[in-house]
Structures are given as C-alpha cells and as structure tokens.
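Notes follow the structure.
The values are calculated or read from the model by the stated rules, or taken from the named source; none is laboratory data. These figures come from a predicted structure and were not determined experimentally. Please note: Cβ atoms are built from the backbone with ideal geometry, for glycine as well, and neighbour counts cover all protein chains shown.
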C-alpha cells in the first residue's frame with residue numbers, strides 16, 4: 001500500500017482531555033484550527049496555582065488530571081451534545097450536566113472529587129477553554145496515525161492493538177508500520193481539506209495504560225526505542241484549507 005492509498009478508517013474527538021473520546025463518520029475541519037470539539041474541557045488537578053489562573057486559557061497538561069498519573073480515567077467515556085456533557089463508566093452514565101449551568105459543572109466536579117479527590121492536593125474542577133483546545137501543544141494542530149503502526153506496537157509490546165491507547169484524531173488504514181512518518185514536511189489532501197504534516201507525535205507514559213482494562217502496564221517507551229528506534233506514533237498536521245472529511249476518504253499527497 002503506497003502513501004497514496006491510505007484511507008480514513010476513523011475520526012475521533014476527545015471532549016474532555018484525559019478521557020476516552022467518541023467516533024464520528026464525518027467532520028468539517030477549519031483552516032488554522034484544532035480538530036472540532038476536541039479537548040475543549042479538562043479537569044483541573046487541584047493545585048494551588050489554579051486560583052491564580054484566569055479562566056479559559058490554555059495550560060500545559062501538568063495542570064490537569066491525565067492518564068499518565070490516574071489510570072482510572074481510562075474507564076471513563078464521554079459524550080458532548082450542545083452544552084451537555086455526559087460521562088459514562090463501563091457503559092453506565094455516572095454524571096451528566098449542562099456546561100453552561102453552575103449546577104451542571106458542580107455535579108461533574110463532585111463526580112471527579114469522588115473518583116480522585118483522595119489523590120490530589122485540592123478540589124478537581126472542570127475547566128473549559130475559551131478558544132482552541134487543551135491539546136498538549138498550544139499550536140493549532142490535529143493528529144493522525146496509521147493502523148499498521150498501532151498493530152506493530154501491539155506486537156512489540158505483547159498487547160492487544162487498540163488505537164484508543166494513542167488518542168489520535170484521524171486513524172488511517174495503512175499496511176506498513178510508520179508509513180505515515182514519511183509524510184512529515186508534505187502537503188496532503190483528505191476529503192475536501194488540505195493539510196501540512198509538520199512533525200511526528202512523540203509519546204509519553206500515558207500509553208502504558210490499557211484502554212480496555214484501565215490497568216497500567218510496564219513502561220513501553222524503552223520497548224518502542226528498542227523495537228523501532230524511536231518513540232513516535234502518529235503525526236501532527238496543520239489545517240491549511242478547511243473542508244469535510246469522511247471515513248473512507250483517500251489521502252492524496254500533493255507535494
């Protein structure tokens with residue numbers, strides 16, 4: 001399979017940073033923006049510095065609850081509809097609240113306090129970004145990855161391949177592991193959108209958490225280094241021209 005025959009396998013957005021996302025069949029990308037409805041919420045980790053921070057601005061991931069430290073977050077899925085956020089635990093809705101209402105936010109805060117309150121220095125608080133995304137990078141980038149890369153990680157680590165482990169926005173059907181890395185520096189078209197691939201996605205210890213069981217495994221970055229010679233999985237892209245992208249769309253290399 002050449003780069004030209006990569007196709008969109010699935011489209012993911014993650015409403016709450018650190019929690020499992022949701023799939024879409026179609027998405028409309030906007031030039032110079034993040035992926036739609038992606039990481040617009042995050043849960044503050046109760047540190048004193050939250051008191052000094054104005055609301056709505058971007059912060060580094062250390063500001064928030066994340067799977068790197070709290071593997072039980074992997075058991076939570078969430079759905080975002082209009083202004084209403086619902087969080088499910090193992091298929092059961094555990095809390096649902098309107099994000100425009102103080103009561104709704106308070107209910108969600110109380111849920112996270114019951115989940116991790118004993119592990120953090122203060123009260124957890126659901127935060128909403130005013131513009132953009134609480135993505136790990138402040139730059140407006142989206143992430144893509146290949147199914148063969150995920151499968152190769154599974155083989156190298158002896159784990160069941162699961163793309164949820166890597167939290168990428170766009171999964172591409174690929175046959176060659178890390179074939180997508182060859183796209184860095186190139187312009188590509190996906191559906192009606194045009195992207196520039198800017199860099200590989202370097203991984204962190206969050207990939208040690210099994211998304212199915214929420215159990216932390218061994219540290220896999222050294223395994224990746226030994227097996228692949230790097231610890232990247234996925235690529236970052238900048239949206240040059242907006243447009244609709246659907247599952248099944250082919251990736252076309254323009255350069």
Across (1) at pLDDT 95 or above; (2) in a loop (DSSP other than H, G, I, E, B), residue 212 clears everything bar (1)
Let me confirm something: among 44, 32, which residue is touching a strand residue (DSSP E or B) at 6+ places or on another chain (Cβ under 8 Å), over 13 Å from residue 136 (Cα atoms) and surrounded by fewer than 16 Cβ atoms within 10 Å (Cβ to Cβ)?
32
Only one of these is under 19 Å from residue 139 (Cβ atoms), more than 18 Å from the chain's Cα centre (by Cα) and surrounded by fewer than 14 Cβ atoms within 10 Å (Cβ to Cβ): 185, 229. Name it.
185
Restrict the check to segment 74-84 and report whether at least one residue is more than 17 Å from residue 165 (Cβ to Cβ), surrounded by fewer than 21 Cβ atoms within 10 Å (Cβ to Cβ), assigned by TED's automatic domain parsing to the domain that holds residue 205 and in contact (Cβ under 8 Å) with a residue 40 or more places away in the chain.
no
Lone qualifier among 160, 167 - being part of a loop (DSSP other than H, G, I, E, B) and buried (at least 20 other Cβ atoms within 10 Å of the Cβ):
167
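Okay, residues lined up against (1) surrounded by fewer than 18 Cβ atoms within 10 Å (Cβ to Cβ); (2) within 15 Å of the chain's Cα centre (by Cα); (3) not assigned by TED's automatic domain parsing to the domain that holds residue 212:
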position: 8; (1), (2), (3): no, no, no
position: 57; (1), (2), (3): yes, no, yes
position: 60; (1), (2), (3): yes, yes, yes
position: 70; (1), (2), (3): no, no, yes
Being more than 30 Å from residue 46 (Cα to Cα) and free of Cβ contacts under 8 Å to residues at least 24 places away in the same chain narrows it down to one of 158, 145, so name that one.
158
Within segment 13-39, tally of residues that are under 20 Å from residue 94 (Cβ atoms) and either in a loop (DSSP other than H, G, I, E, B) or touching a helix residue (DSSP H, G or I) at 6+ places or on another chain (Cβ under 7 Å) (or both)
7
Exclusive hit being touching a strand residue (DSSP E or B) at 6+ places or on another chain (Cβ under 8 Å), assigned to a strand (DSSP E or B) and outside the structural domain of residue 61 (by TED's automatic domain parsing), set 185, 248, 234
234
From 16, 27, grab the single residue that is more than 14 Å from the chain's Cα centre (by Cα), buried (at least 17 other Cβ atoms within 10 Å of the Cβ) and not assigned by TED's automatic domain parsing to the domain that holds residue 75.
27
Selected residue (only one of 106, 151 is more than 20 Å from the chain's Cα centre (by Cα) and either free of Cβ contacts under 8 Å to residues at least 12 places away in the same chain or within 30 Å of residue 7 (Cα to Cα) (or both))
106
